[in-house]
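Since the structure comes first, as structure tokens, the remarks are kept for the end.
The values are calculated or read from the model by the stated rules, or taken from the named source; none is laboratory data. All values derive from a computational prediction rather than experimental measurement. Backbone-built Cβ (ideal geometry, glycine too); neighbour counts: all protein chains shown. Accessible surface areas use protein heavy atoms only, side chains included; no ligands, DNA or RNA. Shrake-Rupley method; radii C 1.70, N 1.55, O 1.52, S 1.80 Å.
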Amino acid sequence: MNIGSGCAERQIYVGGEYVPENEARISVFDHAVLYGDAVYDTACAWGGQVFKLDEHVDRLFESAHALKIEIPLDKAGVREVVLEIVRRNKLDNAYIKIIVTRGVGRMPLLSPYHCKPNLIAFAIPYLSLIDSDAQQEGIRAGISSLRRIPSECLDAKIKCCNYLNHILMRMEANEAGLDEAIELDIGGYVAEAPGYNVFIAKHGVLHTPGENILVGVTRQTVIELRRRRE
Ligand SMILES: Cc1ncc(COP(=O)(O)O)c(C=O)c1O
């Protein structure tokens, strides 16, 4: 199935080569499939330019390092794959994912050793969960009854492929008729949202949580833009 457009020849980078989407394969024994044992990053391109590519690649390497997954290319190589996947799919505005799975081990057991990591990258036409009307009018969000997994258990800074904590919170919000969930940490403080960092603008001051969050590239950009105006 082609996601996002009718492009029959979409190219995917997997296993060290660019292949048509219908030929893109990973093993069912890959730890990503068996255990959610993989890291990823999401970037966007606008007008053919990938926004903050270095920052996304740096964060991918930090996530992989934290999980002791060795990315099969260096940073320059990964940057080139990202640019090439956008080029090959002839996209100006793109939603890009770069995934590094731990790979297949000697046996389909929990051992993370002797696995061969696999780098995957795809780019599809830009898409947002929030449509353009909602971007103008705002969305409805509610506090989730679940809590963010504490960083003592799984560091929120690691962008790993186990997103069940976020998915359950979004499902709860959607099933209650809301668009989005606000995630609290185990201490009851606002942390983030499933896929976003959050800000509050109050009396002309911008506040954003600094703990138990993924350190978002967008968050950092908002902070920098705000500082420039001070
Ligand atoms: C849990 C979570 N928080 C925050 C973000 C925002 O990060 P960024 O601004 O780098 O896209 C994401 C992005 O996927 C995320 O998954």
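Numbers for the structure displayed
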| item | result |
| --- | --- |
| Every residue from the range 171-209 that is within 16 Å of the ligand (Cβ to nearest atom), closer than 17 Å to Ala156 by Cα and small (Gly, Ala, Ser) | Ala181, Ala191, Ala193, Gly195 |
| Neighbours by Cβ (under 8 Å, 6+ apart or cross-chain): first from the range 165-180, on the phi > 0 side of the Ramachandran plot; second surrounded by fewer than 17 Cβ atoms within 10 Å (Cβ to Cβ) | Gly177/Arg140 |
| Enumeration of residues in the range 74-125 that are in contact with a Ser or Thr (Cβ under 7 Å, 6 or more places away or on another chain) and charged (D, E, K, R) | Lys97 |
| Matching residues in the range 191-211 - criterion: being touching a Phe, Trp or Tyr at 6+ places or on another chain (Cβ under 8 Å), over 19 Å from Ile130 (Cβ atoms) and not acidic (Asp, Glu) | Leu206, His207, Pro209 |
| Hits in the range 55-106 (condition: under 19 Å from Lys159 (Cβ atoms), open to solvent by 60 Å² or more (accessible area, probe 1.4 Å) and in contact (Cβ under 8 Å) with a residue 40 or more places away in the chain) | Glu55, Glu62, Lys68, Glu70, Pro72 |
| Verdict on Lys97 being on the phi > 0 side of the Ramachandran plot, modelled with pLDDT of 95 or more and within 17 Å of the chain's Cα centre (by Cα) | no |
| Of all residues making up the range 176-225, the number that are of a type in the set (Val, Ile, Thr), open to solvent by 70 Å² or more (accessible area, probe 1.4 Å) and in a loop (DSSP other than H, G, I, E, B) | 1 |
| Among the candidates Ile130, Ile158, residue that is in a loop (DSSP other than H, G, I, E, B), within 17 Å of the chain's Cα centre (by Cα) and loosely packed, with under 15 Cβ neighbours inside 10 Å | Ile130 |
| All positions within the range 162-175 that are buried (at least 20 other Cβ atoms within 10 Å of the Cβ) and either over 15 Å from Gly216 (Cβ atoms) or in contact with a strand residue (DSSP E or B) (Cβ under 6 Å, 6 or more places away or on another chain) (or both) | Met169, Arg170, Ala173 |
| Test: residue in the range 97-117 that is of a type in the set (Val, Ile, Thr) and within 14 Å of the ligand (Cβ to nearest atom) | yes |
| Residue count, the range 16-33 (criterion: part of a loop (DSSP other than H, G, I, E, B) and farther than 14 Å from Val81 by Cβ) | 5 |
| Cβ-Cβ under 8 Å pairs, at least 6 apart or on other chains, the range 133-144 side of a type in the set (S, T, N, Q), far side in a loop (DSSP other than H, G, I, E, B) | Gln135/Ser128 |
